[in-house]
1. Determine whether residue 192 is in contact with a strand residue (DSSP E or B) (Cβ under 8 Å, 6 or more places away or on another chain), β-branched (Val, Ile, Thr), within 30 Å of residue 568 (Cα to Cα) and open to solvent by 30 Å² or more (accessible area, probe 1.4 Å).
2. Condition first: touching a Ser or Thr at 6+ places or on another chain (Cβ under 9 Å) and among the β-branched types (Val, Ile, Thr). Can you find one or more residues in the range 164-175 that meet it?
3. For residue 432, which of the numbered conditions (1) surrounded by fewer than 20 Cβ atoms within 10 Å (Cβ to Cβ); (2) not in a strand (DSSP E or B) fails to hold?
4. What's the total number of residues in the range 494-526 that are open to solvent by 20 Å² or more (accessible area, probe 1.4 Å) and in contact with a Phe, Trp or Tyr (Cβ under 9 Å, 6 or more places away or on another chain)?
5. Kindly indicate the residue of the range 385-394 that is of a type outside the set (Lys, Arg) and farther than 14 Å from residue 182 by Cβ and also most open to solvent (accessible area, probe 1.4 Å) among those meeting that condition.
6. So which residues in the range 442-455 are among the β-branched types (Val, Ile, Thr) and surrounded by 22 or more Cβ atoms within 10 Å (Cβ to Cβ)?
7. Does residue 157 qualify as being in contact (Cβ under 8 Å) with a residue 40 or more places away in the chain and surrounded by 21 or more Cβ atoms within 10 Å (Cβ to Cβ)?
8. Here are the criteria: (1) open to solvent by 50 Å² or more (accessible area, probe 1.4 Å); (2) over 30 Å from residue 757 (Cα atoms); (3) outside any loop (DSSP other than H, G, I, E, B). Tell me which single one residue 137 does not satisfy.
Amino acid sequence: MFPYWLVLIIREFLFLQIQRTAFVIWSLNVWRVIWNGPIRGSYLMPKAMSSTSSPLGISTPLTIMLLIVLFHAGLPGQTANKHQATLTIDATHPVRQFDPNLAIGAGIDGHDFGSIDKLLSVSNITRMQSVGFKPITYRLRTELANDAWHWNPQGSWSDKTGQQGYWISDDRPGSDISLSYGYSLPRRGNSIDQANDDGFSRIDDGDPESFWKSNPYLDKNYTHEDNSLHEQWVVIDLDTEMDINAVKILWGTPFAEKYEIQYGAINDISDISENPPGLWHSFPTGSVETRTGGEILTRVSNDPIKARFIRVRLEKSSNTRPKNSSDIRDRLGFAIREIYVGAVDATGKFTNLMERATKAEDQTTIYVSSTDPWHRSVDLDKNAEHAGFDRIFNNGLAADSPVLMPVGMLYDTPENAAAEIRYLIRKGYKFDRVEMGEEPDGQYISPNDYGALYIQWARAIHKVAPRVNLGGPSFQEIVPNDPGDKPVEGGNPVWFERFMKYLKSHGRSSDFTFFSFEWFPFDDPCTSEAPQFGDAAKAMPVYLAAFRKRGLKADIPIVITEYGYSAFAAQAEVDIEGALFNADTVGTFLAIGGSTAYLHGYEPDQVVRDYPCTAGNNMLFMGDDSGMITAQTATYYGARLMMTEWLQPSGGPHEIYACETKSNIEPGSQGVSAFAVKRPDGKWSIMLINKDPQITWQVGIRFKGRDGTVDTTLGGEADLYQFSARDYKWDAKLQRPTRSRPPEHHRIEDAESGDLELAPYSLTVLRGSIK
């Protein structure tokens, strides 16, 4: 018997080199040897094998090798690990035209203190540019962190003496801006944020001197409409149902003269941004009116009511001004120092059921409708560090393509946003779109409140730049809620519909010129990756169709401002799956008419672990503690293959054509995605993605002509690139790739000579001319 290692080597060699037809002949020969073995000699070494060739003319050593291969690989009838497919490209007319220099890019995000100088070094930028991305988008981490943004460290405070209040960055060009930072809000109400999540709510921090205050820009003084359209609220999540019959509130200034205490049964916390009818129920004695503020204990029910979620709906403000304040914004809205939820016993003793702490993970979770952007110079948040505008536009990252720029909105002022746009114009920087805030759905702002801020910011920006394109809202997800799974219909499509109706009712629909969202479809990184690929590609157009039904017009450009496998760390993000997912996302998005897609994870980063089951990160490059790139992940090779081989690196008008794949696909197999473009150089370029981890696909490619024929093929010389497990291997224990090399490249003399073989989990590009 041959050593097992030798058997494996032989098997690997044969499966890579032997063509299918020859394999069938050799299989027949082996069966003949087996049949003759018991007569002529022993089973493993029959006498017939002592000659130099077998009865079918194949050498005896080769026959032995094939017998061993078949023994380990299975019998001849078990070669079903290869599927056949025919790809038909409708060459009669393109689905659309796009320029990759405008349509496919990447984002530059905020980071922890001291990271930007390391990550955006000259050597790293050179490596980043090798991918081929041209347009970039500037992501706004401060908005996710519940921070105000000093996009220029130089500027002015509304209270200059106290170095506090409302900030406006300096719009006059001076020294180049290298870094910018966020500032934590001392009047913060949310326990949780979407950035470092290192803040906390002032409503249950145990300090009666601190307080939360709602956003003054949502008062009628700025919205010019009744405050009932912008109802403010506080939601307390007790984490589990408890017996509640009393709520105590320690009011700040201004206090609520009228408010309602309610309880709700919530399946999805995101519903609080819409507060649809039926979500909240008032306690029997939960309505309160007062003229004094201060500390008020309310017996909301005679008998305790079991509830997990408690809401304080704020209806009428006292509009009282704090001592020594002359800023009108200080008296608009509502301020609460502390809230206590619990029960009063028969003796009148109140027992508080909430946890109080200055860490979000230790305090009872609080959600608020809005937060006052007032802050102080001492509130600098160094872990909300961003690259300065001048650095981004001058270090080559922008690649002379227009940049999608953000403005702070949920925790900022319209004056600061207008100053930012004025600065960019004065510096002569190219930007074509301005995204208004970031991820409002992750911060549970209501569509009416977002609309009111949007109009104020749009008015201020258009005074500076009348023709600049404004849009958003950069949804963190676009998954529509299924009414069958929930007591009420909601979700971001409904949120968007209400937002657009608000703009229309105020005559400002024209201020909304593009729709943006983020695409991280896999929320459970512990789930097996393979079954999800097919679903993700099919889901995007379905989800967007839900927005079309809710008022997203066909002529509004759609932008993915961030895409990646998951918002949580997963091995798929640094393995082959991530490369395939990214390519499939871009191809699908372009094919359905998307305007621009920006990859998340352009800068080098490190492996992180959010769950014990897996570790990874959305990144093209691995970096060390100094920020230096140490390795390229699979997503780098996939992105570079897409940008430099599938598409023409110099850009220009590319036409994308409809593709139809017919196959003998079996249940459980994810099949093949295909995206065909005709490049400016006249070449046809086809990107194919085998999304199955086990199945090899053999694909025949045909073109449908104007006369209806489908027998036209690529002919003559062609280039073939394929990226698969032969080129890349991730070691989960070492947390790094142990094999990392570019895709295989073959020059084909006759592209018509046979079917294209797609290895399991592979990304392939075939480029040539129609015969």
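1. Values: in contact with a strand residue (DSSP E or B) (Cβ under 8 Å, 6 or more places away or on another chain): yes; β-branched (Val, Ile, Thr): yes; within 30 Å of residue 568 (Cα to Cα): yes; open to solvent by 30 Å² or more (accessible area, probe 1.4 Å): yes.
Criteria met by residue 192.
2. Pass one, the range 164-175, residues touching a Ser or Thr at 6+ places or on another chain (Cβ under 9 Å): 164-170.
Next, only the ones that are among the β-branched types (Val, Ile, Thr) stay: 168.
For the range 164-175, residues touching a Ser or Thr at 6+ places or on another chain (Cβ under 9 Å) and among the β-branched types (Val, Ile, Thr): present.
3. The one condition residue 432 does not meet is (2).
4. Qualifying residue count, the range 494-526: 8.
5. In this case the residue turns out to be 394.
6. Narrowing the range 442-455 to residues among the β-branched types (Val, Ile, Thr): 445, 455.
445, the sole residue that qualifies.
7. On the way: in contact (Cβ under 8 Å) with a residue 40 or more places away in the chain: yes; surrounded by 21 or more Cβ atoms within 10 Å (Cβ to Cβ): no.
Against the criterion (in contact (Cβ under 8 Å) with a residue 40 or more places away in the chain and surrounded by 21 or more Cβ atoms within 10 Å (Cβ to Cβ)), residue 157 does not qualify.
8. Against the list (1) open to solvent by 50 Å² or more (accessible area, probe 1.4 Å); (2) over 30 Å from residue 757 (Cα atoms); (3) outside any loop (DSSP other than H, G, I, E, B), residue 137 comes up short only on (1).
The values are calculated or read from the model by the stated rules, or taken from the named source; none is laboratory data. Predicted model only: the values in this text are computed from it and were never measured. Counting neighbours? That spans all protein chains shown, and the Cβs are built from the backbone with ideal geometry, glycine included. Please note that ligands, DNA and RNA were not included when accessible areas were found on the heavy atoms of the full protein model with its side chains. Shrake-Rupley method; radii C 1.70, N 1.55, O 1.52, S 1.80 Å.
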